[in-house]
Amino acid sequence: MRKDGKWNVGGAADGKPSQGQYVLLYLLRRCYGLIYSLLSSSEPVSEELMPIANKLSTIKKVLNEVLRYGGPFHPRELYPYQLALFQIDGLVKDGKFIGKDGSIPEGQGIVMAHLNECHELLEMLKESLENDTDEEEEEEGEEDNDDEEGSEGFEEIEKGHPDSEEER
């Protein structure tokens, strides 16, 4: 595809390189730059921490979906996620995950970041749930007040009008 540093794709019959060499070179270098930045920014996760990282990733995805789409739910529905995070928290000793052999496996930063994000998402869901229940209680309180006001009118009808013949 490249000959003497030039792209020969779609070139002329005389062997001259086609136009667009600089665009292709720019795109290729940009791709290499992106790959390099991704590789340098990603910290490898050891095989020992991989199951925990996968579990946290799944929990994070589910909590994001619940937070995004919301809907009426009960606090009991958050219990499995709280339990899973509690179990993972139990594996942390002195702020680190410790391997079976007592070593500190690679990928602590990524796994701890996922764990913290999951806790934050869970707290956000709890707050939204509390806000929803507060709003429902306010609405129910307004409905109760409306019912009380409306019932007074019915009592007057049942007693009869003051000008009626029954009271005379």
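Here are the numbers:
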{"quantity": "Which numbered condition I59 misses (of (1) open to solvent by 80 Å² or more (accessible area, probe 1.4 Å); (2) touching a Cys at 6+ places or on another chain (Cβ under 7 Å); (3) among the aliphatic types (A, V, I, L, M))", "calculated": "(1)"}
{"quantity": "Residue count, the stretch 91-108 (criterion: assigned to a helix (DSSP H, G or I) and farther than 13 Å from I52 by Cα)", "calculated": "0"}
{"quantity": "Residues satisfying the stated conditions in the stretch 81-118, i.e. more than 20 Å from L63 (Cβ to Cβ) and among the aliphatic types (A, V, I, L, M)", "calculated": "I98, I104"}
{"quantity": "Residue match in the stretch 78-93 (condition: at positive phi and at pLDDT 85 or above)", "calculated": "no"}
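The values are calculated or read from the model by the stated rules, or taken from the named source; none is laboratory data. Owing to the predicted nature of the structure, the values given are computational and were not obtained by experimental measurement. Please note: Cβ atoms are built from the backbone with ideal geometry, for glycine as well, and neighbour counts cover all protein chains shown. The area values use the complete protein model at the heavy-atom level, side chains included, leaving out ligands, DNA and RNA. Shrake-Rupley method; radii C 1.70, N 1.55, O 1.52, S 1.80 Å.
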